[in-house]
Amino acid sequence: MEIKNIEFFAENVNSTWSGDFQSPINPPKNTDVVIIGGGIIGVSTAYFLAKEGIKVCLCEKGYISGEQSGRNWGFVRIQGRDEREIPMVLESQRIWRSFSSETGEDTGYEEGGCLFTAHNEKELQSYQSWLELAEKYDIETELIDQKALSNEVGLASKNWIGGIITRTDGRAEPQKATLAIARAAEKLGAIIITGCSVRGIETSGGSLSKVITEKGPINTSTALCAAGAWSSYFCRSLGISVPQLKVRGTVARTNRIETKINGTIFDKRISIRKRNDGGYTLAHGSILDHLITPSTLYYSPKYIRALINEFNVLRLSIGREFINELTAPKTWDLDKESPFEKNRVLNPKPNKKTIAKIQKQLGKVYPELKDANIVESWAGMVETTPDVVPVISHIDKIPGFYLSTGFSGHGFGIGPGAGSVISKMIQNEPTIDLREFRLERFFDGSPIRVETDI
Ligand SMILES: Cc1cc2nc3c(=O)[nH]c(=O)nc-3n(C[C@H](O)[C@H](O)[C@H](O)COP(=O)(O)OP(=O)(O)OC[C@H]3O[C@@H](n4cnc5c(N)ncnc54)[C@H](O)[C@@H]3O)c2cc1C
């Protein structure tokens with residue numbers, strides 16, 4: 001069967017911010033905060049700032065959730081998270097649960113549990129460290145055996161000896177959630193402008209004074225860079241080094257099909273999520289493509305620990321991306337077209353071999369899905385930091401400039417909680433200890449700590 005590659009965001013999302021992404025709105029002359037990037041981190045921050053009556057303008061070069069936030073698997077999980085992230089994930093869970101009823105906007109959030117499978121005793125034992133952490137934070141996670149597994153997943157249980165499950169974990173719809181949060185932010189007074197690249201910033205007396213967009217300048221004392229996979233490039237043009245490497249994740253979805261599986265399952269062959277439309281989102285659990293670029297060589301010393309951890313799942317290749325990054329301008333005139341206008345939406349092609357593998361193994365891993373058809377596939381660029389934990393930080397060099405990036409493959413679930421935390425950081429009233437998230441940790445001699453993400 002032919003698999004349709006996509007421009008699905010433009011086609012399927014009924015929103016004034018997608019499709020024709022040149023928004024008719026012009027930036028305001030003045031605002032309290034400018035947010036650069038309309039992914040889940042940017043829109044969640046806009047929502048919480050607007051909720052407190054702060055004037056906020058969000059500029060997105062393409063359309064809302066056009067990049068990672070609209071392309072991910074849709075897992076909203078606490079299970080297996082790095083301990084440093086747990087306070088933010090708990091806050092996020094609280095927000096996901098109440099968001100739709102509080103705002104009237106549908107994120108597609110549902111709680112159906114998150115299961116990690118175990119093929120053998122060694123894998124089952126590897127979950128022990130999470131069980132201890134879960135107990136510490138009062139999270140209801142349990143190890144289950146094959147018999148209990150069959151109640152959860154039916155016939156698929158025969159593939160595994162057991163697993164670990166957190167029933168309060170959830171899922172949401174990537175093609176709905178970020179747009180829903182953006183609409184809620186707009187209702188509270190946030191100005192959201194799509195098709196509007198931020199080209200750079202200006203300072204006065206060393207502090208941030210203006211954000212320069214392709215539609216004109218905005219006077220402001222505060223800006224947040226939430227530019228996802230573009231953050232390192234944007235910051236580099238300001239003389240700020242942000243270690244960031246990208247991996248391509250390939251994803252697919254099936255048609256509607258009835259099975260017992262009602263949550264999310266992480267399995268090293270095929271991970272799946274039940275979708276609101278009755279189908280399943282599918283991804284290979286152990287294939288990530290890294291296209292080698294000059295950044296790989298430059299930042300690799302900081303990534304040694306992460307590379308060792310992910311060695312088995314990374315597929316390295318070198319091609320056009322190396323030359324593209326090498327020849328990309330490092331700086332540009334702010335009154336001329338910038339590299340951001342030239343690439344409105346990062347839309348990598350899905351890896352055909354990965355899709356073929358998923359298609360071949362689907363019926364074996366999930367017998368009840370043997371008749372399901374893959375009807376769409378896509379890919380997204382996941383951006384990672386050396387310790388696989390995000391950066392949520394003020395930038396000392398430019399007072400008024402903040403950075404929130406590097407959510408390393410799990411920013412969708414954490415997104416609303418991160419938005420709440422970031423909005424408080426910007427107001428100088430931090431709600432959690434942000435030291436673990438500061439950018440400087442990569443440069444001040446702190447050990448780069450990669451906790452196992454089971
Ligand atoms: C295949 C895949 C699977 C994933 N699965 C999960 C999952 O199951 N659960 C989970 O929690 N997370 C998952 N993630 C990770 C999650 O999607 C991301 O961590 C999260 O979406 C990051 O949000 P963001 O707002 O930081 O970035 P993005 O969503 O990438 O948004 C950044 C935005 O900034 C814009 N931008 C960049 N530069 C500029 C500029 N100069 N001016 C204006 N706009 C600009 C971009 O156009 C983009 O829209 C996955 C990611 C991928 C790709």
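A few notes on this one:
- Residues in the range 70-100 that are open to solvent by less than 20 Å² (accessible area, probe 1.4 Å) and over 24 Å from ASN262 (Cβ atoms): ASP82, GLU85, ILE86, MET88.
Here is a yes/no grid of residues against (1) in contact (Cβ under 8 Å) with a residue 40 or more places away in the chain; (2) acidic (Asp, Glu); (3) part of a helix (DSSP H, G or I):
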position: GLN175; (1), (2), (3): yes, no, yes
position: THR178; (1), (2), (3): yes, no, yes
position: ARG199; (1), (2), (3): yes, no, no
position: GLU202; (1), (2), (3): yes, yes, no
position: ALA223; (1), (2), (3): yes, no, no
position: CYS235; (1), (2), (3): yes, no, yes
position: ALA252; (1), (2), (3): yes, no, no
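- Taken as a whole, the structure leaves TYR63 outside the set of residues that are among the aromatic types (Phe, Trp, Tyr) and either open to solvent by 20 Å² or more (accessible area, probe 1.4 Å) or more than 8 Å from the ligand (Cβ to nearest atom) (or both).
The rows are residues; the columns are (1) outside any loop (DSSP other than H, G, I, E, B); (2) closer than 30 Å to GLU83 by Cβ.
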| residue | (1), (2) |
| --- | --- |
| ILE323 | yes, no |
| GLU337 | no, no |
| PHE340 | yes, no |
| PRO348 | no, no |
| ILE358 | yes, no |
| TRP378 | yes, no |
| SER393 | yes, yes |
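- Selected residue [of a type in the set (A, V, I, L, M, F, W, C), within 11 Å of the ligand (Cβ to nearest atom) and in contact with a Phe, Trp or Tyr (Cβ under 8 Å, 6 or more places away or on another chain)] from ILE414, ILE395: ILE414
- Test: residue in the range 190-198 that is more than 15 Å from the ligand (Cβ to nearest atom), in contact with an Asp or Glu (Cβ under 8 Å, 6 or more places away or on another chain) and at pLDDT below 95: no
- Residue check, GLY74 in contact with a Lys or Arg (Cβ under 8 Å, 6 or more places away or on another chain), among the small types (Gly, Ala, Ser), closer than 25 Å to ASN151 by Cβ and within 11 Å of the ligand (Cβ to nearest atom): yes
- Pairs are defined by a Cβ separation below 8 Å, a sequence spacing of at least 6 or placement on different chains, a first member in the range 368-390 that is on the phi > 0 side of the Ramachandran plot, and a second member that is of a type in the set (S, T, N, Q) and within 13 Å of the ligand (Cβ to nearest atom); the pairs so defined are VAL388/SER408.
- The single residue among THR213, THR178 that is within 10 Å of the ligand (Cβ to nearest atom), modelled with pLDDT of 95 or more and touching a helix residue (DSSP H, G or I) at 6+ places or on another chain (Cβ under 8 Å) turns out to be THR178.
- Search result, residues across the range 31-60 that are more than 7 Å from the ligand (Cβ to nearest atom) and among the β-branched types (Val, Ile, Thr): THR31, VAL33, VAL34, ILE35, VAL43, THR45, ILE54, VAL56
- Scanning the range 297-347 for residues that are of a type in the set (D, E, K, R), under 30 Å from ILE201 (Cα atoms) and open to solvent by less than 100 Å² (accessible area, probe 1.4 Å) gives LYS302, GLU321, GLU325, LYS330, ASP333, GLU341, ARG344.
- Flag if SER377 is more than 30 Å from SER207 (Cα to Cα), open to solvent by less than 20 Å² (accessible area, probe 1.4 Å) and within 16 Å of the ligand (Cβ to nearest atom): yes
- Residue pairs meeting the criteria (Cβ under 7 Å; at least 6 apart or on separate chains; first farther than 14 Å from GLU123 by Cα, in the range 138-166; second among the aromatic types (Phe, Trp, Tyr) and crowded, with 20+ Cβ neighbours inside 10 Å): THR141/TRP130; LEU149/TRP160; ALA156/TYR366
- Filtering the range 233-248 to residues that are within 13 Å of the ligand (Cβ to nearest atom) and either open to solvent by 20 Å² or more (accessible area, probe 1.4 Å) or over 15 Å from PRO386 (Cα atoms) (or both) leaves TYR233, PHE234, CYS235, ARG236, SER237, LEU238, LYS246, ARG248.
- For the range 348-374, the set of residues classified as hydroxyl-bearing (Ser, Thr, Tyr) and open to solvent by 10 Å² or more (accessible area, probe 1.4 Å) is empty.
- Which numbered condition GLU123 fails, given (1) open to solvent by less than 60 Å² (accessible area, probe 1.4 Å); (2) within 20 Å of the chain's Cα centre (by Cα); (3) among the charged types (D, E, K, R); (4) more than 29 Å from LYS349 (Cα to Cα): (2)
The values are calculated or read from the model by the stated rules, or taken from the named source; none is laboratory data. For clarity, every value in this text was computed on a predicted model and none was experimentally measured. All Cβ positions, glycine included, derive from the backbone under ideal geometry; neighbour counts span all protein chains shown. Surface accessibility is based on the protein's heavy atoms, side chains included, excluding ligands, DNA and RNA. Shrake-Rupley method; radii C 1.70, N 1.55, O 1.52, S 1.80 Å.
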